[in-house]
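Structure record follows, encoded as structure tokens.
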Amino acid sequence: MFVARVAQRLPENVPGVFFVDDSCIDCDACRQIAPAVFARSPRLGQSYVAAQPASATAEARALMAVVACPTASIGTSPKRPVGAATSAFPERLEDDVYYCGWHAEASYGAASYLIVRSRGNLLVDSPRAARPLYDRVDALGGVRTMVLSHRDDVADHAAFARRYGCERVMHAADAGALPIERRVTADVPIALDDELTIIPVPGHTRGSIALLYREKFLFTGDHLWLDEDDLRLDMGRGVCWYSWAEQLRSLERLRDFRFQWVLPGHGRRFRAASAAAMGAALDETIARLANKRAR
Ligand code: SF4
């Protein structure tokens with residue numbers, strides 16, 4: 001399962017037990033999970049080991065990155081056991097919201113999330129189907145609903161649907177021939193219940209949707225994220241497959257909602273100090289991207 005190749009280790013890796021090989025797809029998962037160990041090489045456009053773990057805690061985080069890596073690009077030599085790391089996901093972020101780890105190559109290493117609720121758990125996008133993750137999700141109560149933000153991040157949705165019998169929810173414009181139980185056709189916000197709202201955010205794809213939970217957590221798929229380098233909210237014109245003008249309008253419409261977290265598929269998560277602070281960050285992003293449009 002975890003088979004990074006020593007012979008293919010990148011020259012940037014510092015000497016030591018952990019290494020990254022040349023199959024890295026630059027998904028950023030390892031750098032978010034273990035920033036003390038992994039960094040990005042601008043020359044390669046790939047991750048490498050910038051510092052070997054200097055403590056037991058740092059090593060545990062690095063082993064979680066081994067598990068999360070979608071391409072098995074991170075290795076250890078001599079081999080370190082990953083048993084504890086496989087049980088570390090889903091990892092709680094805040095309240096009842098968890099980060100799933102176990103990124104899937106089929107969704108280019110996008111992040112996925114689990115909301116643990118007494119009325120039935122909800123997966124946002126698809127992690128990699130893996131026995132240790134199933135076991136942990138089982139212990140947390142399984143999955144009743146799976147919301148798929150857009151067509152790129154569906155990965156192992158079919159395996160999760162088979163295992164849990166969960167209802168998949170997706171916008172019809174992105175669902176295509178996928179066997180989706182509930183297709184959203186409206187282009188206006190739709191309440192799934194009193195805590196969850198689907199917000200259409202066309203732009204990256206025609207059928208992109210965001211999911212708002214308890215007016216605190218906004219799951220954004222590939223619509224909006226925190227930029228790794230300048231630590232500001234951002235969107236990607238270079239990865240906009242449908243309409244940049246629509247994506248900018250979708251961004252502006254998010255100002256109608258209150259939330260404190262942005263939880264993306266790709267890019268960094270962002271927790272603002274308050275909903276007002278998130279609003280200010282959104283305003284700055286809207287103005288900055290509008291200026292870019294004007295140039
Ligand atoms: S998690 Fe794996 S694929 Fe993603 S950036 Fe790190 S080494 Fe590369």
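The values are calculated or read from the model by the stated rules, or taken from the named source; none is laboratory data. If you're wondering where the values come from, they're calculated on a predicted model, not measured in any experiment. Positions of Cβ are backbone-derived with ideal geometry, glycine not excepted, and every protein chain shown enters the neighbour counts. Heavy atoms of the whole protein, side chains included, go into the accessibility calculation; ligands, DNA and RNA do not. Shrake-Rupley method; radii C 1.70, N 1.55, O 1.52, S 1.80 Å.
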Item checked: In the stretch 7-39, the residues that are within 13 Å of Ala65 (Cβ to Cβ) and touching a helix residue (DSSP H, G or I) at 6+ places or on another chain (Cβ under 6 Å) -> Phe18, Ala29, Cys30, Ile33, Ala34, Ala36, Val37, Phe38
Item checked: Qualifying positions in the stretch 156-181 - loosely packed, with under 15 Cβ neighbours inside 10 Å and either within 18 Å of the chain's Cα centre (by Cα) or within 27 Å of Glu252 (Cβ to Cβ) (or both) -> Ala172
Check: What is the number of the single condition among (1) part of a strand (DSSP E or B); (2) out of contact with any Asp or Glu (no Cβ under 9 Å at 6 or more places or on another chain); (3) over 30 Å from His171 (Cβ atoms) that Leu93 does not meet?
Finding: (3)
Next item on the list: Look at the stretch 53-81 and say how many of its residues are part of a helix (DSSP H, G or I), among the β-branched types (Val, Ile, Thr) and open to solvent by less than 50 Å² (accessible area, probe 1.4 Å).
Entry: 2
Checklist line | Single residue of the stretch 101-118 satisfying the filter (closer than 14 Å to Arg136 by Cα and away from the ligand (no atom under 14 Å from the Cβ)) that is surrounded by the fewest Cβ atoms within 10 Å (Cβ to Cβ) | finding: Val116
Notebook entry, point to check: Do you know which residues across the stretch 7-22 are hydrophobic (A, V, I, L, M, F, W, C) and part of a strand (DSSP E or B)?
Noted result: Phe18, Phe19, Val20
Notebook entry, point to check: Checking Ile74 against (1) in contact (Cβ under 8 Å) with a residue 40 or more places away in the chain; (2) of a type in the set (A, V, I, L, M, F, W, C); (3) more than 14 Å from the ligand (Cβ to nearest atom), which test does it fail?
Noted result: (3)
Checklist line | Qualifying positions in the stretch 82-100 - hydrophobic (A, V, I, L, M, F, W, C), more than 15 Å from the chain's Cα centre (by Cα) and open to solvent by 10 Å² or more (accessible area, probe 1.4 Å) | finding: Val82, Ala84, Ala88
Notebook entry, point to check: What is the number of the single condition among (1) in a strand (DSSP E or B); (2) surrounded by fewer than 16 Cβ atoms within 10 Å (Cβ to Cβ) that Asp194 does not meet?
Noted result: (1)
Notebook entry, point to check: From Val20, Val82, which residue is more than 13 Å from the ligand (Cβ to nearest atom), of a type in the set (A, V, I, L, M) and touching a residue at least 12 places away in the same chain (Cβ under 8 Å)?
Noted result: Val82
Checklist line | Matching residues, the stretch 233-290, being out of contact with any Lys or Arg (no Cβ under 7 Å at 6 or more places or on another chain), open to solvent by less than 10 Å² (accessible area, probe 1.4 Å) and assigned to a strand (DSSP E or B) | finding: Leu233, Pro264
Check: For the stretch 89-103, does any single residue satisfy the condition of being over 21 Å from Phe270 (Cα atoms) and modelled with pLDDT of 95 or more?
Finding: no
Notebook entry, point to check: open to solvent by 10 Å² or more (accessible area, probe 1.4 Å), within 11 Å of the ligand (Cβ to nearest atom) and part of a strand (DSSP E or B), is that true of Ala4?
Noted result: no
Margin query: So in the stretch 23-52, with the set limited to residues that are assigned to a loop (DSSP other than H, G, I, E, B) and of a type in the set (S, T, N, Q), which one is farthest from the ligand (Cβ to nearest atom)?
Written below: Gln52
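Yes/no per residue for (1) touching a Cys at 6+ places or on another chain (Cβ under 9 Å); (2) over 21 Å from Pro202 (Cα atoms); (3) without any contact (Cβ under 8 Å) to a residue 60 or more places away in the chain; (4) not aliphatic (A, V, I, L, M):
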| position | (1), (2), (3), (4) |
| --- | --- |
| Ala104 | no, yes, yes, no |
| Tyr108 | yes, no, no, yes |
| Ile115 | no, yes, no, no |
| Leu133 | yes, yes, yes, no |
| Asp138 | no, yes, yes, yes |
| Val143 | yes, yes, yes, no |
| Asp156 | no, yes, yes, yes |
| Phe160 | yes, yes, yes, yes |
| Glu167 | no, yes, yes, yes |
